[in-house]
Structure formats: structure tokens, C-alpha cells
1. Out of the residues in the range 183-209 that are of a type outside the set (K, R) and open to solvent by 60 Å² or more (accessible area, probe 1.4 Å), which is nearest to L152 (Cα to Cα)?
2. Between T261, T228, T216, T270, which is modelled with pLDDT under 95, under 13 Å from E149 (Cα atoms) and polar (S, T, N, Q)?
3. List pairs: first in the range 244-261 and basic (K, R), second at pLDDT 95 or above, Cβ under 6 Å, 6+ apart or cross-chain?
4. Could you figure out which of (1) open to solvent by 40 Å² or more (accessible area, probe 1.4 Å); (2) closer than 22 Å to V91 by Cα; (3) over 18 Å from the mean Cα position of the chain (by Cα) isn't true of R219?
5. For the range 233-266, what are the residues that are open to solvent by 40 Å² or more (accessible area, probe 1.4 Å) and under 30 Å from T41 (Cβ atoms)?
6. List every residue pair whose Cβ atoms lie under 7 Å apart, where the two residues are 6 or more positions apart in sequence or sit on different chains, the first residue falls within the range 145-161 and is among the aromatic types (F, W, Y), and the second residue, located anywhere, is open to solvent by 10 Å² or more (accessible area, probe 1.4 Å) and part of a loop (DSSP other than H, G, I, E, B).
7. Against the condition at pLDDT below 95 and either more than 11 Å from the chain's Cα centre (by Cα) or over 23 Å from A200 (Cα atoms) (or both), how does E178 come out, does it pass?
8. Run down T212, T270, T229 and say which single residue is out of contact with any Asp or Glu (no Cβ under 9 Å at 6 or more places or on another chain) and either surrounded by fewer than 22 Cβ atoms within 10 Å (Cβ to Cβ) or among the basic types (K, R) (or both).
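The values are calculated or read from the model by the stated rules, or taken from the named source; none is laboratory data. For clarity, every value in this text was computed on a predicted model and none was experimentally measured. Virtual Cβ from ideal backbone geometry, glycine too; neighbours counted across all protein chains shown. Just the protein is used for accessible areas: all its heavy atoms, side chains included, with ligands, DNA and RNA removed. Shrake-Rupley method; radii C 1.70, N 1.55, O 1.52, S 1.80 Å.
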Amino acid sequence: MRYYRLSDGEHGSRSGSLVVIDDDDDAYDLTTASDDLGSFTELARAANASDQSIDAIARRRISDAESRDLDTIDRNALLPVIPDEVWAAGVTYRISEQARTAESGKPEVYIDVYDSERPELFLKATASRTVGPGDAVGVRGDSEWDVPEPELGIVLHRGEVVGYTIGNDVSSRDIEGENPLYLPQAKVYDRCCSLGPCVASPESVEDPHDLTMSLTIERDNEVVYEETTSTGEMVTTCDQLVTYLRQHNSLPETLVLLTGTALVPPETFTLHEQDQITIDIDRIGRLVNDTVVV
């Protein structure tokens with residue numbers, strides 16, 4: 001099942017209703033069944049309290065929920081889960097290691113990570129720096145080489161995996177490449193991350209390492225980059241990433257962990273303002289964002 005947060009048209013992007021699309025592709029507004037199901041985090045709390053899956057809770061309340069028109073879902077979708085933190089992993093695909101080596105004056109640090117058991121993990125964004133479907137992601141005004149990084153996102157609640165989403169880990173490659181210690185400035189800034197369009201449950205995703213992922217970038221209505229890969233190309237598993245994230249680290253109630261990218265535009269490419277970025281991942285959906293300079 002897939003869970004969306006839809007705008008109610010009144011209270012802005014941080015409010016809305018929780019809508020589920022079930023296994024038959026019917027949509028229901030769970031918030032109309034219970035005021036205590038107003039967000040994905042509240043659904044996860046209910047599942048945790050009753051020791052059930054999020055899908056089990058949703059199925060119990062669908063009969064009390066109002067149906068929604070599927071045609072309205074995409075255009076009204078908001079940030080599906082408001083994370084306390086967004087974390088990210090790097091060098092989890094071979095192409096990612098190659099790209100970091102190409103951009104950096106110190107390529108050995110990326111090679112070392114690729115060959116090591118311990119993954120690269122870093123704090124990517126807070127909720128205030130994260131945007132949802134249809135919003136504009138940001139590129140830094142002091143950077144000259146900026147790229148989107150399409151990634152599978154793992155949604156955790158109280159440290160446990162409760163779903164998956166799509167993430168865009170927008171990055172300033174020239175800042176990171178100048179010196180690896182500049183990574184926080186290359187990664188963490190206004191509108192540096194997007195998530196959406198929904199949270200897909202573990203039951204609906206089944207195997208997170210068997211998903212097709214594609215990236216398309218359009219400029220002035222022309223495709224300037226298009227490529228496809230599979231999460232099966234990951235050399236570090238989702239379980240390994242989650243295990244390392246938990247170690248010696250008190251996690252907040254709800255967070256998203258981005259799992260790295262294998263879709264890297266060439267060194268000659270950089271994002272421009274008003275570029276449209278589209279990321280598709282099997283069993284989850286499509287995340288579309290425009291681009292703005294921040």
C-alpha cells in the first residue's frame with residue numbers, strides 16, 4: 001500500500017490528510033476515519049503501539065474512510081512524511097565511487113569507503129530544508145557544478161523500517177570535490193533535498209534491491225539527461241546501512257535514510273534554474289521537482 005499526504009487547500013504545506021492507495025488501486029482518506037491518523041507518523045505510532053504493520057492498521061480503518069479520486073492524488077501530493085532528520089549514504093554503487101573519484105582532488109578517500117565495511121553516512125537535511133513533490137529543489141548560488149542524486153529512501157520509525165520513498169539528494173559537486181571536509185556545505189542548505197510522492201509499505205515494495213530507478217532532466221521542454229539503473233546494483237545493502245545508522249546514535253522518532261545513487265550526469269552537466277527533475281522508482285512512484293537558485 002502507498003501512503004500520501006494531500007493538501008486540504010487551507011493550511012499550507014505542513015498540514016493535510018493521510019490518503020492510502022490500497023492493493024486494488026482504490027484511494028481512501030484515512031484522516032476521515034480517525035483524527036489520530038492525520039499523518040504517516042501517526043499511522044506508524046498506531047502500528048507500533050498495537051504491534052502491527054502500517055498496512056494492517058490501514059486495512060482496519062478503510063471501511064470507515066471516505067474514498068478519494070485517484071486523479072487528484074498527484075497534483076495535491078505534499079511531502080509524504082515530515083522527517084525529524086534526513087540522513088544519506090555515499091559510495092554505495094560502483095558508479096558513485098567512480099564519479100566521486102573523477103570530481104575530487106583526493107580520490108583515495110572515496111576508494112577507501114568503497115572498499116570498507118563501514119559505509120559513508122551523513123546528516124543530509126532537516127524538515128525545514130526538505131521539499132515535497134512539485135516544489136523546487138535548490139542549488140547553491142556559490143556553486144558552479146550542481147547535480148540531482150536520485151535515491152531510494154528508507155523510512156524509519158523508532159529505528160524500524162516502516163516504508164520506502166524516493167529522495168533527491170541535490171549536491172554541489174565542485175564544493176565537495178574541492179575538499180571532502182566541505183561535504184556539509186555541499187550537501188546541507190535550503191531546499192537541498194526532496195522526498196515523495198508517497199511512502200510505500202515494505203509489503204508493497206517486497207525487495208528494495210530489485211527496483212528499477214530512472215532519472216530524467218528537462219530544460220526548456222527538452223530532455224538533457226536520461227538514464228536508468230536498478231537498486232540491485234547497490235554494493236551495500238539497506239540492512240547494512242540501517243544497522244550502521246543505529247550504532248551509538250539515538251535516532252529521532254521518524255527519519256528518512258537515503259541509500260546513495262548510481263545515476264550521475266556527466267562532468268559537463270550542471271543544473272540550471274527552472275530545470276525539471278523527474279525520478280521514477282518501481283512500486284513507489286514518480287517524484288517531480290523544478291530547480292531554483294538559493
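1. The qualifying residue nearest to L152 (Cα to Cα) is D207.
2. T261
3. Partner pairs satisfying both residue conditions: R246/G159.
4. If we test R219 against (1) open to solvent by 40 Å² or more (accessible area, probe 1.4 Å); (2) closer than 22 Å to V91 by Cα; (3) over 18 Å from the mean Cα position of the chain (by Cα), just (2) comes out false.
5. Correct list: T237, D239, Q240, T243, Y244, R246, Q247, H248, N249, S250, L251, E253.
6. Pairs found: W145/T270.
7. Spelling it out, E178 is indeed at pLDDT below 95 and either more than 11 Å from the chain's Cα centre (by Cα) or over 23 Å from A200 (Cα atoms) (or both).
8. The unique qualifying residue is T229.
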